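**Q** Attaching a single structure in structure tokens format; questions to follow.
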Amino acid sequence: MFNPRKTPEPADAALVYEAAVRAENMGTWYGRGQKGWYQYFSDNAGGAHFSGIVRETDVPAHVRRALGNP
């Protein structure tokens, strides 16, 4: 019963989030997992949740560099 338009959360999402890098907009983090680049958004309660798997070209350059991927 999940939304078919959304990416299911990968098993390693929590581990990837621990090393995620914040984007310049301060409300989005990115990390690289076994299935590619994961994106996280902050919520209004001060936490963050998995948002989906995104293309590498959608990840800001400073985030890719910080995670060792030019």
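**Q** I'm checking my understanding of the structure. Among residues of the stretch 48-70 that are among the charged types (D, E, K, R) and under 25 Å from Arg5 (Cα atoms), which one is surrounded by the most Cβ atoms within 10 Å (Cβ to Cβ)?
**A** Glu56
**Q** For the stretch 28-47, give me the residue count where each residue is under 19 Å from Lys6 (Cα atoms), surrounded by fewer than 17 Cβ atoms within 10 Å (Cβ to Cβ) and more than 8 Å from the chain's Cα centre (by Cα).
**A** 5
Read the figures in this text as sums done on the coordinates, not as results from a lab. Since this is a predicted model, take the numbers as computed values, not measurements. Cβ sites come from the backbone with ideal geometry, for glycine too, and all protein chains shown count toward neighbours.
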